[in-house]
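Visitor: Just passing along the structure, written as structure tokens.
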Amino acid sequence: MAYNHKVELSKPERFVGGHRLCAGCGAGLVCRGMMRALDEGDKAVICNATSCLEVSSFLYPFTAWEDSYIHSAFENAAATCGGVEAAYNVMKRRGKIDDTYKFLAIGGDGGTYDIGFQSLSGAMERGHDMVYFCYDNEAYMNTGIQRSSSTPRFASATTTPSGSCSVGKKQNKKDLTEIMAAHNIPYVAQTTFLGNFKDFHEKAHRAIYTEGPAFVNVMSPCPRGWQYPTEMLPEICKMAVETCVWPLYEIIDGEWHLNYMPKKKLPVEEFMKLQGRFKHCFKPGNEWTIEAAQQYVDEKWEKLLARCGK
Amino acid sequence: MAKCAKDINEQSPWQELTPGGEIYEGGTARMTITGEWRANIPVWDPQKCKQCLLCAPFCPDASIPVTDGRRGEFDFDHCKGCGICWKVCPFGAIDFVKEEK
Amino acid sequence: MSIRERISGNEAVAYAMRQINPDVFAAFPITPSTEIPQYFAQYVANGQVDTEYVTVESEHSSMSTCIGAEAAGCRAVTATSSCGLAFMYELLYVASSSRLPITLACVNRALTGPININNDHSDSMGARDAGWIQLYAENNQEAYDNYLQAMRIAETPDVRLPIMVCQDGFITSHAVENIELEEDEAVRKFVGEYNPEHALIGRETPLAVGPYDVSPYYMEHKVQQAEAMKNAKKAILDVAADFEKTFGRKYGFFEEYRMEDAEVAIVLIGSTAGTAKACIDQLRAAGRKVGLIKLRVFRPFPGEELAAALSHVKAVAVMDKSEGFSACGGPVYAETCAACYALEERPVMVNIVYGLGGRDVATGDIARVFDHLFLLVNNGGKGPKYIHMGQRSSAPEVF
Amino acid sequence: MKNMVEIRWHGRGGQGAKTACLLLADAAFASGKYVQGFPEYGPERMGAPITAYNRISDERCTIHSNIYNPDYVVVVDETLLQSVDVTHGLNPEGAIVINTHKSPDEVRPLLRGYEGRVYTLDARAISERTLGKYFPNTPMLAAIVKVSGVLDPWRFVSDMETSFKHKFATKPQVIAGNMECLTQSLKEVRG
């Protein structure tokens, strides 16, 4: 069914205000969008990795979730979710429940790319009927902006600060979306917050309503960690896509689909210059960092185009 | 034992708290008034608003209520004043100003 | 009618699991508990159970899976040993603090390192403060019987705590012995159905589990957990009483063996109790008043009851099959001493750390412990209190 | 302990010594005894020396230690005689049974001065003859039953038939061979 923005936005809110995420936090947008992608009438259980989101959305006795929710630890959202799904299967089989439930795991890049990676990989391999959403804000924000394997090269984080002898993080960002695609699960996608949220919504909906495991990677800017004024979030997301730093694509049953081709691919500095974490890259003498970042994006983009048959 | 979040507070004795910190209802975070965090406030002009609803999904705090395809006044109990809605409005129907408290 | 059989301790636990037909089994192999998920996999393959059998990629995920499944309103079980239990460590706390009555079959094995696959209690003793109920078995019969009682104890509404059913790796897990099994129907009737009031799925209202707990709530939740562990004492005895009524075998917090007039006694846990009983029979035949207390329940710790049982004894050797590295004794010793502190007249108490990493203990070793206790009775309790037994040494040692 | 018999098995990983030990426990259990059958485990793999134990008695044995003074020893692989002190602690009133084509007198010099009874059985020959393959554990099981007298041999044979019928329910053609293997072994033990 075609995306109808007004209809989708008129649904009852399933991730409510009153949570304690920072003003302008991208994670809140992922949660709202993810829950909106559920068909009305379908119930859900959310399994949350320890993260900014967790400590902000279920601070006893206040839950921001209208649906059942479980947080167990930092590194095991996927396995916990698998356990809930297993319980559902057996309860269904034994005729103990009639309702349809969907199982959504959600973690930040720390709980997904790094400490929770084994748990995620295992759950996806086992084929649980669940979706794992990663709200990727490219560092351990909950503990104070330490680098993760998702932090892009040259970003300044509190454990990879820029300094007279440092231009920020030394390594490139791990490509988790590709790694998840290599699990040969039925659905993998990456998206972010754009325009009327059509891209996000359609991917979240497809992920939830694909039988078997699915993974959605959502670039979710963090104003504090990326050092930008809160209201700049939409612009940053737009630039991530227009520069091809964060291409929109999905892998359906092993087939790669590019969802958006920029009319004119913008230089990567258009994305970087909006954020304080790359500020040092623009200092005289550090021009090479931007060149290197550009080269990396270009290489990745060409590979992606080839994979998507473009 | 208290069953509802509204009956639980920092004066509740241990016998009154739910075991393991469970909560048996959804959306109790609404009781938290995060609107107090705000320094700047969005101001909506219904006259200029074309009801395109581009602002609504961009609110991290679910503070732009939408009913039957039309948005209403901000939920100032929960709006933290991030200003994203002001930025995404294509029609200048949302202003973003310092809040006088 | 009981069924006369001969099976190993691992098979006994797997057999109990089959009879109970739990909702979710999260499986990951580790020696010596591996056979339990293997037996169970065969039950699944043969259609003898309709459990959701989840073959996870690690023990960390097996406990996580159990947490998710139990919170969803199901009976979730797993089995592990040693490093596997250690890998679950954080989740053990999550399970107990979230008040999820998960059942874990722990086949005790030395905790690395150096790596060693044989028996001691360092794995479960390391987890003793994780908020789990812990039952220990002397033999395959007790492993089976404890397993049948475990869920009812754990799921008691004012308890709601996870439970670890322990037995000694290889010594009982891989030893075929005679056992009395119960009929499937009788077991199912005894164990009953699990229908928690609140669950993540299948209830009118949603459930949220695992909050961030700020200081004004955290302590209250810990007090609740502590109360639950106290309540577990009653639940353990209630379930044992019903078990005895149903199946005829009697259980309590501990077993007293020839303690009535004992002058000296040993306190220990697990399979060594059987070896000690054989030794005690020999010594009693020679007219020596020796006895044994075999702890079945270590969490909750039956301190008052244990102190009462030891109150008439002159000297006690508390034998720990794990090193606590406290430099002053193992965990069973520390807790037994603490319990006996309230006695007006306390026995002389020594700690003997033994059997680490599968170091074998024969009846002769136990006899030497009793000899030492009589020596202490006669010398007024002089000498070291923290003793290791069974190691080679280039210096003179107590044993 | 009334009438308790303790047996120690020596074999190599993968040869079935542990299985034979458990089968003996099964057979003794079937005849109404209290049994223990347990292997001593290490991290070793196929081919490494392994030890397994049986206790068989008329009442429950609670002892859970290894066996240091066995009444009987079974050696499933004669090459172990070079490297393992198989008669260590063996009761001089008891006996040892060795899988070899040699006679008891021929192997006695390898037993480090053991003065008790020595029995041999050519398990390879019997096994290859009756089963078409080398499975030493079935012949050695029969041998220890006969030598120890812990079970009535013919009652044992009939119990084993029941057990084989259960074990080989899907391939009944192998039952006859196994039964033949047992009976020939009982007859051919040399001592």
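The values are calculated or read from the model by the stated rules, or taken from the named source; none is laboratory data. These numbers were taken from a predicted model, which means no experiment stands behind them. Because the Cβ atoms are built from the backbone with ideal geometry, glycine has one as well, and the counts that use them run over all protein chains shown. Areas reflect the complete protein model, heavy atoms only, side chains present, ligands, DNA and RNA absent. Shrake-Rupley method; radii C 1.70, N 1.55, O 1.52, S 1.80 Å.
Visitor: To test your reading of the geometry: what angle, between 0 and 90 degrees and rounded to tens, separates the Cα axis of helix C:59-71 from the longest principal axis of chain C?
Guide: Around 60 degrees separate the two axes.
Visitor: Just tell me, in residue order, which DSSP H segments of chain D are both 18 angstrom or longer along the helix axis (alpha-carbon based) and at least 1.0 in mean Kyte-Doolittle hydropathy.
Guide: D:17-30
Visitor: Could you work out the relative contact order of chain C? I mean the mean sequence separation of Cα pairs under 8 Å and 6+ apart, divided by the number of residues, in percent.
Guide: Value for chain C: 15 percent.
Visitor: For the protein assembly as shown, which semi-axes, largest first and in whole Å, follow from the square roots of 5 times the eigenvalues of its Cα gyration tensor?
Guide: Result for the protein assembly as shown: semi-axes of 63, 33, 26 Å.
Visitor: I want the antiparallel fraction of DSSP beta bridges within the protein assembly as shown, as a percent rounded to 5.
Guide: Around 40 percent of the beta bridges assigned by DSSP in the protein assembly as shown are antiparallel ones.
Visitor: Hey, what number do you get for chain A at 222 nm if only DSSP H runs of n ≥ 4 count, each worth -39500 (n - 2.57), divided across all residues, to the nearest 500?
Guide: Calculated at 222 nm, the ellipticity per residue is -10000 deg cm²/dmol.
Visitor: Measuring from the lowest to the highest alpha carbon on each principal axis, how far does segment D:5-188 reach, largest first, in angstroms?
Guide: Extents along the principal axes, in whole Å: 44, 37, 33.
Visitor: What ranking of A:133, C:399 comes out by heavy-atom accessible area, probe 1.4 Å, highest first?
Guide: Final ranking, largest accessible area leading: C:399, A:133.
Visitor: Could you give the angle, 0 to 90 degrees to the nearest 10, between helix A:26-36's Cα long axis and the longest principal axis of the Cα atoms of chain A?
Guide: Taking Cα atoms only, the helix is inclined about 30 degrees.
Visitor: Take every residue in peptide C:47-56, count the Cβ atoms of other chains within 10 Å of its Cβ, and give the average of those counts.
Guide: 4
Visitor: Considering only protein heavy atoms and a probe of 1.4 Å, how much of the accessible area of segment A:210-310 is carbon and sulfur, as a whole percent?
Guide: Using a 1.4 Å probe with all protein chains present, segment A:210-310 comes out at 52 percent carbon and sulfur.
Visitor: Could you work out how far the C-alpha centroid of segment C:160-198 sits from that of segment C:261-325, in angstrom?
Guide: Comparing the Cα centres of segment C:160-198 and segment C:261-325, I get a distance of 25 Å.
Visitor: Moving on to the next point. Counting only C-alpha contacts under 8 Å and six or more residues apart, can you give the relative contact order of segment C:254-388 as a whole percent?
Guide: 28 percent
Visitor: Between segment D:70-114 and segment B:1-49, how far is it from one alpha carbon centroid to the other, in angstrom?
Guide: About 79 Å separates the Cα centre of segment D:70-114 from the one of segment B:1-49.
Visitor: Turning to a different aspect of this structure: Between the helical axis of C:331-340 and the dominant principal axis of chain C, each derived from Cα atoms, what acute angle in degrees is found, rounded to the nearest 10?
Guide: Relative to chain C, helix C:331-340 is tipped by roughly 70 degrees.
Visitor: Still on this structure, please answer the following. Grab the eigenvalues of the alpha-carbon gyration tensor for segment C:133-246, scale each by 5, take roots, and send me the semi-axes largest first in whole angstrom.
Guide: One finds semi-axes of 31, 18, 14 Å for segment C:133-246.
Visitor: Report D for segment B:1-46 in µm² per second (integer): Stokes-Einstein, Kirkwood Rh on Cα pairs, 20 °C, 1.002 mPa s.
Guide: The calculation lands on 162 µm²/s.
Visitor: Related question: Averaged across the residues of D:35-45, what count of C-beta atoms belonging to other chains lies within 10 Å of each residue's C-beta?
Guide: 5
Visitor: With the Cα gyration tensor of segment A:164-246 giving a ≥ b ≥ c as the square roots of its eigenvalues, does the rule (a/c under 1.5 for rounded; else a/b larger than b/c for prolate; else oblate) give rounded, prolate or oblate?
Guide: Oblate.
Visitor: In Å², and per residue, what accessible area does segment A:5-307 have when probed at 1.4 Å with the other protein chains present?
Guide: Counting only protein heavy atoms, the per-residue value for segment A:5-307 is 34 Å².
Visitor: Still on this structure, please answer the following. Over all distinct Cα pairs, what is the inverse of the mean 1/r for segment B:33-101, reported as the Kirkwood hydrodynamic radius in Å?
Guide: 11.9 Å
Visitor: Another question, if that's okay. Determine, for each peptide in D:147-153, C:147-153, the mean count of other beta carbons within 10 angstrom over its residues, then list the peptides with the highest first.
Guide: Top of the packing list down: C:147-153, D:147-153.
Visitor: To the nearest hundred square angstrom, how large is the accessible surface buried between A and B, total for both chains, probe 1.4 angstrom?
Guide: In total, this chain pair buries about 3100 Å².
Visitor: Next up: What translational diffusion coefficient, in µm²/s and rounded to a whole number, does the Stokes-Einstein relation yield for segment A:5-307 at 20 °C and a viscosity of 1.002 mPa s, taking the hydrodynamic radius as the Kirkwood radius over Cα pairs?
Guide: Stokes-Einstein gives a translational diffusion coefficient of 110 µm²/s.
Visitor: Shape call for segment C:262-391 from the C-alpha gyration tensor, a ≥ b ≥ c root eigenvalues: rounded (a/c under 1.5), prolate (a/b greater than b/c) or oblate?
Guide: Rounded is the answer for segment C:262-391, as its axis ratio a/c remains below 1.5.
Visitor: In whole Å, how far is the Cα centre of segment A:282-305 from that of segment A:186-219?
Guide: Between the Cα centres of segment A:282-305 and segment A:186-219 lies a distance of 27 Å.
Visitor: For chain C, just run the numbers: alpha carbon Rg, then divide by 2.2 N^0.38 Å, N being how many residues it has.
Guide: Ratio of Cα Rg to 2.2 N^0.38 Å: 0.98.
Visitor: Hey, got a sec? Which GluC sites (Glu not before Pro) in segment D:108-191 land in a DSSP loop and have at most 12 other Cβ atoms within 10 Å?
Guide: Here the sparse-neighbourhood loop sites are D:115.
Visitor: Sticking with this structure for a sec: Compute the accessible area per residue over segment D:5-188, keeping the other protein chains in place, probe 1.4 Å, unit Å².
Guide: Per-residue value: 43 Å².
Visitor: Over segment C:3-247, with the other protein chains present, what is the accessible area per residue in square angstrom, probe 1.4 angstrom?
Guide: 30 Å²
Visitor: Now for a separate question. Please average, across the residues of A:190-199, the number of beta carbons from any other chain that are within 10 Å of each residue's own beta carbon, and give a whole number.
Guide: Counting other chains' Cβ atoms within 10 Å and averaging over A:190-199 gives 2.
Visitor: Contact order normalised by length for chain D, with contacts defined as Cα pairs under 8 Å and 6 or more residues apart; what percent is it?
Guide: 21 percent
Visitor: Whole number please: convex hull volume per residue of the Cα set in segment C:202-346, in Å³?
Guide: Output value, Cα hull per residue: 194 Å³.
Visitor: Could you look at chain C and say what percent of its accessible area is carbon and sulfur, using a 1.4 Å probe and all protein chains?
Guide: 52 percent
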